[in-house]
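Colleague: The structure's right below; bear with me while I get my questions together.
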Amino acid sequence: MSPSSRRGSCRHGIGRSDRGSAAVEVALLLPGLLLVIALLAAGGRLWFARATVDEAAQTSARAASLARSAAEAASLGREAGRQSLDTAGLHCASMSVTIQTGAFGVPVGTPATVTSTVRCRVTFGDLLLPGLPGSRDLVGHGAAALDTYRAR
């Protein structure tokens, strides 16, 4: 093979015609990859918020089930639900903790359950990206059994 034919094959070879193609591929794929990562992060934060609200509901029901009276159960349950959300670092734009204390009216020796519902409105600015408009209502439910033979 003559030197001139080798030079011609280098000029028209694969090595020269692909120059810069890696940069173009990265420039095209990077926005899509960043979008997938952002969606995964947003989904993880939403899952965390839902799990936190469910955990707060369960915590409030458990705290209420340890009380001796319906009034004390409602108070302890609401406080435990609020503290659980604060401890987890979930900021609610509006929040309510409802304790159903009808189980305290059941005679001793009869199984009974205290239930709770925690509602939390989380803004998208806190949940996903700062400055995003809108919010999401999250609801969690919890239940805990009263001691069947303890005086009420």
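Laboratory data are not the source of any read-out in this text; all were calculated from the coordinates shown. Fair warning: this is a prediction, and the values are worked out from it, not measured in the lab. Backbone-built Cβ (ideal geometry, glycine too); neighbour counts: all protein chains shown.
Colleague: Fewest to most neighbouring Cβ within 10 Å: what's the order for LEU127, LEU85, LEU34?
Modeller: Numbers: LEU127 19, LEU85 24, LEU34 10.
Lowest to highest Cβ neighbour count: LEU34, LEU127, LEU85.
Colleague: Going by how many other Cβ atoms sit within 10 Å of their own, how do ARG78, ARG152 line up, fewest first? Present the calculation step by step, with values, prior to reporting the outcome.
Modeller: Details: ARG78 20, ARG152 16.
Fewest to most other Cβ atoms nearby, the residues stand as ARG152, ARG78.
Colleague: Could I ask something else about it? Just one of (1) 9, 21, 17, 12, 11, 10, 10, 8, 2; (2) 11, 26, 18, 13, 9, 7, 6, 5, 4, 2, 0; (3) 10, 29, 16, 14, 18, 11, 2 is P(r) over Cα pairs in 10 Å bins from 0, in percent as worked out from the coordinates here. Which one is it?
Modeller: Given (1) 9, 21, 17, 12, 11, 10, 10, 8, 2; (2) 11, 26, 18, 13, 9, 7, 6, 5, 4, 2, 0; (3) 10, 29, 16, 14, 18, 11, 2, the calculated one carries the label (2).
Colleague: Applying 1/(1 + (r/R0)^6) with R0 = 22 Å to the Cβ-Cβ distance of ALA93 and PHE48, what FRET efficiency is obtained, to the nearest 0.05? Before the final figure, lay out the partial values.
Modeller: Details: r = 17 Å, r/R0 = 0.76.
My answer for the efficiency is 0.85.
Colleague: Further question: With Cβ to Cβ distances under 15 Å as the rule, what net charge do the other residues near ARG78 carry (K, R +1; D, E -1)? List each step's numbers first, then the result.
Modeller: On the way: positive: ARG62, ARG82, ARG119; negative: GLU72, GLU79, ASP86.
So the surrounding residues net to 0.
Colleague: Shifting gears a bit: Please state the relative contact order of the stretch 2-152 as a whole percent: Cα pairs under 8 Å, 6+ residues apart?
Modeller: Relative contact order here is 24 percent.
Colleague: What does the helix-only formula give at 222 nm for the chain: each DSSP H stretch with n ≥ 4 adding -39500 (n - 2.57), the total divided by the residues, and the result rounded to the nearest 500 deg cm²/dmol? Let's see the in-between values first.
Modeller: Values: 5 runs with 81 residues, N = 152.
Using -39500 (n - 2.57) per qualifying helix, the result is -17500 deg cm²/dmol.
Colleague: Something else: If you put +1 on each Lys and Arg Cβ and -1 on each Asp and Glu Cβ, how big is the dipole of the chain around its Cα centre, in Debye rounded to 20? Working shown, then result.
Modeller: Values: 16 positive and 10 negative charges, 142 e Å.
About 680 debye.
Colleague: Still on this structure, I have one more. Once you place label points 7 Å from the Cα toward the Cβ at LEU39 and SER17, how far apart are they in nm?
Modeller: Calculated label separation equals 3.5 nm.
Colleague: What's the local net charge at SER96, with K and R +1, D and E -1, over the other residues with C-beta under 12 Å away? Don't skip to the answer; put the middle values down first.
Modeller: Numbers: positive: ARG78, ARG82, ARG119, ARG121; negative: ASP137.
Neighbour charge sum, excluding SER96 itself: +3.
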